[in-house]
Amino acid sequence: MAALGYVPVNYTSLSMALLVMAIGFSGAVYQGFLVSHIDLAPTFAAPLFAITNSVASFIGIFPPIVTGKIVTDHVSLFYTS
């Protein structure tokens with residue numbers, strides 16, 4: 001998908017091919033992810049999926065916080081006009 005940004009405007013067939021490949025690979029990843037819960041515990045696949053999805057969603061809270069700590073401009077705190 002990142003390569004799609006570097007394709008010139010007049011190469012529509014190449015950009016469509018890259019887009020179709022990116023979506024296809026994305027679908028393959030999700031198919032493997034969803035089947036793994038059934039492979040681990042067929043009887044408890046739904047609760048297991050709920051737990052792992054909740055943990056993955058909760059972890060998504062931290063990247064904006066960490067990025068805010070890294071990108072903070074400390075120089076402007078000491079600037080006096």
Residue pairs within 8 Å by beta carbon, gap of at least six or interchain, first lying in the stretch 14-29 and within 13 Å of Leu4 (Cβ to Cβ), second of a type outside the set (Gly, Ala, Ser) and in a helix (DSSP H, G or I), listed first then second, are Ser15/Leu4; Leu18/Leu4; Leu19/Leu4; Ala22/Leu4
Every listed condition ((1) in a helix (DSSP H, G or I); (2) out of contact with any Ser or Thr (no Cβ under 8 Å at 6 or more places or on another chain)) holds for His37 save (2)
Exercise for the section: Please work out if Thr80 is at pLDDT 85 or above and among the β-branched types (Val, Ile, Thr). Expected result: no
In the stretch 23-57, anything hydroxyl-bearing (Ser, Thr, Tyr) and modelled with pLDDT under 85 is listed as Ser26, Tyr30, Ser36
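Hey, among the residues in the stretch 1-40 that are aromatic (Phe, Trp, Tyr) and farther than 30 Å from Ile51 by Cβ, which one's surrounded by the fewest Cβ atoms within 10 Å (Cβ to Cβ)?
So the residue we want is Tyr6.
The values are calculated or read from the model by the stated rules, or taken from the named source; none is laboratory data. Keep in mind that what you see is a predicted model, and the values were worked out from it rather than measured. Note that each Cβ is placed from the backbone with ideal geometry, even for glycine, and that neighbours are counted across all protein chains shown.
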